[in-house]
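One structure is given below, encoded as structure tokens.
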Amino acid sequence: MSGWQQHLIIAPIVIPLVAGALLLLFDERERVLKAMIGVVSCLALAAVAISLFRLAGNGSEGFEGVYLLGNWPAPFGIVLVVDRLSALMLVLASILAIPTLVFALARWHTAGAHFHSLFQFLLMGLNGAFLTGDLFNLFVFFEVMLAASYGLLMHGSGSMRVKAGMHYIAVNLAAALCFLIGVSAIYGSAGTLNMADLAVRIGEIEGERRMLLEAGAGILGIVFLIKAGMWPLNFWLPGAYSAATAPVAGIFAIMSKVGIYVILRLSLLVFGQGDSAGLGLNVLLYGGMATIAFGTIGVLASQALGRLASYSVLVSSGTLLAVLGLNNGTVTSGALFYMVSSTLTIAAFFMLIELVERGQDAGASVLAVTMEAYGDADEEDEEVEVGVTMPGTIAVLGICFAACGILLSGLPPLSGFVAKFAMLSGMIGTSADATAPVAASVWWIVGLLILSGLAALISMTRAGIRTFWASMEGTVPRVLVMEMAPVMLLIALTLALTVKAGPAMGYMEETIRNLQQPAIYIDAVINARRAGVAEPSGPDGGGGI
């Protein structure tokens, strides 16, 4: 392994690790300095993620996509792997980190201690989970991510956050214990935790050892389904996400996708063929449909916007799980597009909710265009305000709210519609074999997707009427530019995703095709060249991803 490009692979872990550790050295009163370090770290992380995205997507010559920590070959050493899927997740996480951090700089980063360090360590855990090539280090990064999320969830104090945080911690500690049990069972039966090596050895495991391995995989599946929010393992999620501060809930929007990522990775790499092929697909299919139904009911029943957004997370997770259960490459590529769109949308919605509900009366404060319109202007109050406020606050908030409603409902012309259309067309056969009969379960998913979109439209319309067309009492919410800009940026990204839907779907389709050929991943990891070793360690001299 040679070339500076290969060392970029470890940068998404090192950058937030170094930044988080450095931030601990400064006193909390050094707010400007800590904010600058955090923003620079996120910008550098985004630059690295985009570079890896381009290298992995273009199949750049000399870029293997595998990093051997300690220069130990797989499966004996720690391996980091970048392919199309992991590069996509890195870009999504890094792009999401920038607006959520900027939003927090307006007020929330000073509401508690060590916000910036916790934020960086959360990014480290996320990136490590996307990059790692073995199950034990997946557990390590999983725990780093969760440990940081514990502090971030309770950031800002308050009885609701503490209660939700304790609940969240208890559930995730139980999940961590199950993670260790599952990993131990897999290692005891297969003798390895390297994903590529496990994919090779699984065909040789028979009898009781195979039963033990599948039991361990089932326990691991429960852990990831808890994180993904599958019903009935999602009772913790609505309370936790709605209690978190707006920027924390925004970055949490991608945490549920970690479970989706791992399930997709292992189901196609390890359990994509052989006697254990299709392990757990029925659980994903029917559990995903149940999650969509549960989330849809929650969306309709939610009176608070925070609860509505939290149940929208469940609808998104349920959709992805049900689609993975179909094991259809065409539909899964549309699901990847949907995952990106829904994650950006929900993150923007969480932050928008705080701006909309700001004021004495959340329903009234947004309608009153100005206090001057009622003769209640107070020049002294105007002089007390610090910072630049958004002109046309009501118009901007209303447009962003409408855009979020369109995206969550899956209405044209934004990316939510493109994503749902890609999935639905793949399910009913318009993009595959139109003569093949459509299974009953597929029609159930189609119906649930349509109903969930209708429920989102009804709930968002109801909330919009209550918020923007309510009583004309109250004041206009004071919204700073640095608070509104992150929301507008995320919505603009969904618009860009709509405009570039063709190339984006092409990338997703190629990603699924690569995942359905596990030999590509296996050869790249097993035959990765060590630094300083001239001759190749495999017959084909190593393979790139």
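Mind checking which residues of segment 231-251 are in a helix (DSSP H, G or I) and within 18 Å of Ala148 (Cβ to Cβ)?
Once the filter is applied, which keeps residues that are in a helix (DSSP H, G or I) and within 18 Å of Ala148 (Cβ to Cβ), segment 231-251 yields Leu237, Ala240, Tyr241, Ala243, Ala246, Pro247, Val248, Ala249, Gly250, Ile251.
Mind counting the residues in segment 265-285 that are farther than 24 Å from Arg84 by Cβ, open to solvent by less than 30 Å² (accessible area, probe 1.4 Å) and out of contact with any Lys or Arg (no Cβ under 9 Å at 6 or more places or on another chain)?
Result for segment 265-285: 1.
Just to be sure I understand the filter: pairs with C-beta atoms under 8 Å, separated by 6 or more residues or on different chains, first member in segment 10-35 and under 28 Å from Val79 (Cα atoms) and without any contact (Cβ under 8 Å) to a residue 24 or more places away in the chain, second member of a type in the set (Val, Ile, Thr) and part of a helix (DSSP H, G or I). Which pairs pass?
The qualifying pairs are Leu22/Ile37.
From the list Ser117, Ser157, exactly one residue is over 24 Å from Leu52 (Cβ atoms), surrounded by fewer than 22 Cβ atoms within 10 Å (Cβ to Cβ) and among the polar types (S, T, N, Q). Which is it?
On the way: Ser117 fails: surrounded by fewer than 22 Cβ atoms within 10 Å (Cβ to Cβ).
Step by step, each of Ser117, Ser157 is checked, and only Ser157 is over 24 Å from Leu52 (Cβ atoms), surrounded by fewer than 22 Cβ atoms within 10 Å (Cβ to Cβ) and among the polar types (S, T, N, Q).
For Phe53, state whether it is open to solvent by 10 Å² or more (accessible area, probe 1.4 Å) and either under 20 Å from the mean Cα position of the chain (by Cα) or closer than 18 Å to Asp523 by Cα (or both).
Spelling it out, Phe53 is indeed open to solvent by 10 Å² or more (accessible area, probe 1.4 Å) and either under 20 Å from the mean Cα position of the chain (by Cα) or closer than 18 Å to Asp523 by Cα (or both).
Would you check if Ala531 is small (Gly, Ala, Ser), modelled with pLDDT of 90 or more and either open to solvent by 30 Å² or more (accessible area, probe 1.4 Å) or within 17 Å of Leu68 (Cα to Cα) (or both)?
Taking the combined requirement at face value, the residue does not satisfy it.
Of all residues being surrounded by 13 or more Cβ atoms within 10 Å (Cβ to Cβ) and β-branched (Val, Ile, Thr) in segment 19-50, which is farthest from the chain's Cα centre (by Cα)? Just the residue, please.
This residue is Ile37.
Return yes when Leu198 is among the hydrophobic types (A, V, I, L, M, F, W, C), in contact with a helix residue (DSSP H, G or I) (Cβ under 6 Å, 6 or more places away or on another chain) and either over 28 Å from Ser310 (Cβ atoms) or not in a helix (DSSP H, G or I) (or both) and no when it is not.
Against the criterion (among the hydrophobic types (A, V, I, L, M, F, W, C), in contact with a helix residue (DSSP H, G or I) (Cβ under 6 Å, 6 or more places away or on another chain) and either over 28 Å from Ser310 (Cβ atoms) or not in a helix (DSSP H, G or I) (or both)), Leu198 qualifies.
If you check Ile10, Ile95, which single one turns out to be open to solvent by 30 Å² or more (accessible area, probe 1.4 Å) and in contact with a strand residue (DSSP E or B) (Cβ under 6 Å, 6 or more places away or on another chain)? Give the steps one after another, and end with the answer.
Numbers: Ile95 fails: in contact with a strand residue (DSSP E or B) (Cβ under 6 Å, 6 or more places away or on another chain).
Selected residue: Ile10, the only one of Ile10, Ile95 that is open to solvent by 30 Å² or more (accessible area, probe 1.4 Å) and in contact with a strand residue (DSSP E or B) (Cβ under 6 Å, 6 or more places away or on another chain).
List the pairs whose first member sits in segment 408-433 and is on the phi < 0 side of the Ramachandran plot, whose second member is at pLDDT below 90 and open to solvent by 40 Å² or more (accessible area, probe 1.4 Å), and whose Cβ atoms are under 6 Å apart, counting only residues at least 6 apart or on separate chains?
Filtered contacts from segment 408-433: Phe417/Leu411; Ser425/Ser431; Gly426/Thr330; Ile428/Val438; Ser431/Thr330; Ala432/Thr330.
Filter segment 201-230 down to the residues that are under 20 Å from Val323 (Cβ atoms) and either outside any helix (DSSP H, G or I) or among the acidic types (Asp, Glu) (or both) and list them by number.
Gly229, Met230, listed by residue number.
If you go through segment 384-394, how many residues are in a helix (DSSP H, G or I) and either at pLDDT 90 or above or open to solvent by 60 Å² or more (accessible area, probe 1.4 Å) (or both)?
Summing the residues that are in a helix (DSSP H, G or I) and either at pLDDT 90 or above or open to solvent by 60 Å² or more (accessible area, probe 1.4 Å) (or both) in segment 384-394 gives 1.
Per-residue answers, yes or no, for (1) out of contact with any Cys (no Cβ under 7 Å at 6 or more places or on another chain); (2) at pLDDT below 95; (3) over 12 Å from Ser94 (Cβ atoms); (4) in a helix (DSSP H, G or I):
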{"residue": "Gly38", "(1), (2), (3), (4)": "yes, yes, yes, yes"}
{"residue": "Ala46", "(1), (2), (3), (4)": "yes, yes, no, yes"}
{"residue": "Ser51", "(1), (2), (3), (4)": "yes, yes, no, yes"}
{"residue": "Ala56", "(1), (2), (3), (4)": "yes, yes, yes, yes"}
{"residue": "Glu61", "(1), (2), (3), (4)": "yes, yes, yes, no"}
{"residue": "Ala74", "(1), (2), (3), (4)": "yes, yes, yes, no"}
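Of everything in segment 150-167, what is in contact with a Leu (Cβ under 6 Å, 6 or more places away or on another chain) and touching a residue at least 40 places away in the same chain (Cβ under 8 Å)? Give them in sequence order.
Listed by number, the residues that qualify are Leu152, Gly165.
Let's see how each residue does on (1) open to solvent by 20 Å² or more (accessible area, probe 1.4 Å); (2) among the hydrophobic types (A, V, I, L, M, F, W, C); (3) modelled with pLDDT of 80 or more; (4) within 30 Å of Leu326 (Cα to Cα):
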residue	(1), (2), (3), (4)
Val442	no, yes, yes, yes
Arg466	yes, no, yes, no
Gly506	yes, no, yes, yes
Glu509	yes, no, yes, yes
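Give me the pairs, please: first residue somewhere in segment 217-233 and without any contact (Cβ under 8 Å) to a residue 12 or more places away in the chain, second residue anywhere and surrounded by 23 or more Cβ atoms within 10 Å (Cβ to Cβ) and part of a helix (DSSP H, G or I), beta-carbon distance under 6 Å, and either six or more positions apart or on two chains.
Listed by first residue and then by second, the contacts come to Leu233/Leu225.
Scan segment 100-122 and report the pairs whose first residue is among the hydroxyl-bearing types (Ser, Thr, Tyr) and whose second residue is assigned to a helix (DSSP H, G or I) and open to solvent by 40 Å² or more (accessible area, probe 1.4 Å), with Cβ atoms within less than 8 Å and a gap of 6+ or a chain change.
Sorted first by the residue in segment 100-122, then by its partner, the pairs are Thr110/Arg31; Ser117/Ala21.
Identify, by number, the condition in (1) crowded, with 19+ Cβ neighbours inside 10 Å; (2) closer than 30 Å to Gly416 by Cα; (3) modelled with pLDDT of 75 or more that Pro477 doesn't meet.
Just one mismatch for Pro477, condition (3).
Just the residues that are among the β-branched types (Val, Ile, Thr) and open to solvent by 10 Å² or more (accessible area, probe 1.4 Å), please, taken from segment 211-259.
Across segment 211-259, the qualifying residues are Ile219, Ile222, Ile226.
Considering only segment 141-185, how many residues are part of a helix (DSSP H, G or I) and closer than 12 Å to Ala244 by Cα?
13
Taking segment 284-331 on its own, how many of its residues are closer than 16 Å to Gly229 by Cβ, polar (S, T, N, Q) and in a helix (DSSP H, G or I)?
Here the count works out to 7.
Please count how many residues of segment 121-170 are touching a Pro at 6+ places or on another chain (Cβ under 9 Å) and among the polar types (S, T, N, Q).
Within segment 121-170, residues that are touching a Pro at 6+ places or on another chain (Cβ under 9 Å) and among the polar types (S, T, N, Q) number 1.
The values are calculated or read from the model by the stated rules, or taken from the named source; none is laboratory data. Quick caveat: nothing in here was measured; it's all calculated off a predicted structure. Cβ sites come from the backbone with ideal geometry, for glycine too, and all protein chains shown count toward neighbours. In case anyone asks, the SASA skips ligands and DNA or RNA and just uses the protein heavy atoms, side chains included. Shrake-Rupley method; radii C 1.70, N 1.55, O 1.52, S 1.80 Å.
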